[in-house]
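K.L.:
Following this message is one structure expressed as structure tokens.
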Amino acid sequence: MEKQEKMMVVEDFVEYRLFLVTNEPINPEKLKQTLQQYIEEILAKFAPLLADYIWQNQAFNLKYKSRKGGVPAHIGGRTHFGDNIEDEWFIVYLIQQITKDFPQLAARVEDNDGEFLLIEAADFLPKWLKPENSANRVFFHNGKLCLIPLQPGAGDLPDAASSIDLSQALMLLAAHPEAFTASESIIKAIDRRIKGYPEKIKESYHRAQCFVPAEIASVLRERPQFVSAAVQAFYLRDPIDLKACRTFHHFKPERRVFTLVTFTRCLYAQLSQQRFHPDKRNGYTLPDLSHPKYRAHALGMKLAHGFEILCSKCAVSDRLSTRLPSQSPLWTGFLSNLKKNDFFKGEMEGSVRYCELMKKAEIYFQKSVFKPDSAANLSPGEEILRLLSTLTINIDEMKKEEAHLPPDEDDSWLDLSPDKLEEILQNAAGSKVVATENEEQYNLSEVTNSMKAFMTKVSSHEGAELPWNLVEAPITFDIDSFTSALKKIIGPSPELDSDDLDSEEDFELLNSDEDLDDDQPTSLNTGDLQSLHSYMDVMDRELAHTSVGKSFTKKNLPAKAEESTSEEEMNTEEPDLAPVDVDLNLVTNILESFSSQSGLAGPASNLLQSMGVHLPDNTDQKTDDRSLSH
């Protein structure tokens, strides 16, 4: 048991904490009673969603947490979701709904990566928010995502750029409940991940026929959630586990029947996509691949191995699994809230359906409240053996039911087409309107506008900042600071070249700030600017006759401009000094770089896409390649 807990530490988990938001001081004992009452009401409220939910590893659970250090008393829980990331986002949806239905509670949600909600909305975060000051700033309150800023107009927020105390953050939420709602773009980024719940739960399931021993079929009818533990046991098997499957002691192959099993899509993919050949000694043989029931045989064989591995690690125990749920002080309030929320759907107490729902409620209560508090719970294998000892298994009745089983659900979702992958990537990056091939119109001026906006952005030592909004107002330009910096670069005399300096000391002296008098003007005079222009003209003339100069596309001067050219300019006889068409050269070089990528990722496409410009595929190049191949 201890080894299993150590292994689970490295797995993916999500941790959630619910705090009472109030301005009034509360007695610790009264606070504990209040929070425990909230636990009962929350679990009863969401019982219809959670009682039948199939978790990958652990269930959503809540328990009272006493005050510890700077963390006040609260309701907390942790769920290891393993490979099924949808479990994590379903919990985010639950937390959002809890704070909506119980406005006196504010919630924090983190996982093993930290503030994963901020990671999800990283493209839309304010510039002041950094990893070192993000702790205790993100909450769900009143069903809304809240982000506590550094210095809003309230005046009672911390001035330092460090993280704030949890107690201080809760006080701010209590004092200004509507003041900290996150920006719309951040909210949309999170809503995109939890959109569709709770209806999305049904879409995440997959039902398929499996040829399994009658004992497994009976267990899954009573406890469908055991399919998760069995799949995980098979998926994470090792050679020692497979030794127990050389001879099946608990699930004999000759007692197999067809039954319909409900998986999550993640569990079904883990089970179906693994290639596995059973030991010939255990009797689990598979028909030919062409057999119409081959998939049911393969799935059932793998499930049987998973159940056998679970049960082989334990024996039937005489000890109680834990206390009975009815022995918990929370059970009475929980059951009362279930009845208030019509969990039993008006069924008469003592009826068959009422007993089934009561059994679900007890199991749900034990997993969500009881189990986190007790270290003496039974392992899945022990629970399965305990359940088998109480079940009555009628194989003949199961054989008759085989003829009425519904067919397998379509599993084409396992095959990911390029179009589907593109859609997933676009949804992950944000909703974008994709035009059809006939409607696509690409304006190359967007390329030049984006690059100009990128070049005018002010960046820092932390990296380049990309212009998300191309129509935003241009940044201000301080001409005095620019000319002062330029004068430092070119030195006190424009005619002085670095080669004319006698020593390195003179060169360092020239570039130091000590030589500049504070009373000296900070702008270039007319002579300095003329000298600078003359340098540029000489440079242009020298480069014009080189391959570098000839590689640029020049502007076509209009007729009137050519006629108005002065006689002095005509005598220069320098046709190569026509002004360079900057926009055309920029677009040409970008397109050549994009074309050389051959549809793969590269600097041109990455830079343009990060600025919101999406170029079409180079269909002309593909056509030329096909023609050359013929």
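K.L.:
How about region 56-146: which trypsin sites (Lys or Arg not before Pro) there are in a DSSP loop, with at most 15 other Cβ atoms within 10 Å of their Cβ?
P.N.:
Numbers: sites: 63, 65, 67, 68, 78, 100, 108, 127, 137, 144; in loops: 67, 127, 137.
Loop-located and lightly packed - 67, 127.
K.L.:
From Cα pairs below 8 angstrom and at least 6 apart in sequence, can you work out the relative contact order of region 1-119, rounded to a whole percent?
P.N.:
Here the relative contact order equals 40 percent.
K.L.:
Shifting gears a bit: May I ask you to give the solvent-accessible area per residue for region 28-136, in square angstrom, as obtained with a 1.4 angstrom probe? Please report the intermediate quantities before stating the final value.
P.N.:
Numbers: 4520 Å² over 109 residues.
Normalised by residue count, the accessible surface of region 28-136 is 41 Å².
K.L.:
Also, I was wondering about something else. Which value, in Å² and to the nearest 10, is the accessible area of residue 352 when all protein chains are kept and the probe is 1.4 Å?
P.N.:
Solvent-accessible area, nearest 10 Å²: 110 Å².
K.L.:
Kirkwood Rh, region 31-110, all Cα pairs: how many Å?
P.N.:
Details: mean 1/r = 0.0741 Å⁻¹.
Evaluated over region 31-110, this radius sits at 13.5 Å.
K.L.:
Moving on. Divide, for region 378-430, the radius of gyration over alpha carbons by 2.2 N^0.38 Å, where N is the residue count. Write out the running numbers ahead of the final one.
P.N.:
Details: Rg = 21.3 Å, N = 53, 2.2 N^0.38 = 9.9 Å.
For region 378-430, the normalised Cα radius of gyration comes out at 2.14.
K.L.:
What's the local net charge at residue 407, with K and R +1, D and E -1, over the other residues with C-beta under 13 Å away? Mind showing how you got there, number by number?
P.N.:
Details: positive: 207, 293, 295; negative: 402, 408, 409, 410, 411.
Overall, the nearby charge balance is -2.
K.L.:
Compute the length gained on full extension between residue 414 and residue 281: take 0.36 nm times their separation in residues and subtract their Cα-Cα distance, giving the result in nm to one decimal.
P.N.:
Gain on extension, residue 414 to residue 281, equals 44.7 nm.
K.L.:
With N residues in region 20-164, what two-decimal value do you get for its Cα radius of gyration over 2.2 N^0.38 Å?
P.N.:
Compared with the compact-globule rule of thumb, region 20-164 sits at 1.13.
The values are calculated or read from the model by the stated rules, or taken from the named source; none is laboratory data. Treat the numbers as computed from the prediction; the structure is a model and nothing was measured. Positions of Cβ are generated from backbone atoms using ideal geometry, with glycine treated the same way; all protein chains shown enter the neighbour counts. What goes into the accessible areas is simple: the full protein's heavy atoms, side chains included, and nothing from ligands, DNA or RNA. Shrake-Rupley method; radii C 1.70, N 1.55, O 1.52, S 1.80 Å.
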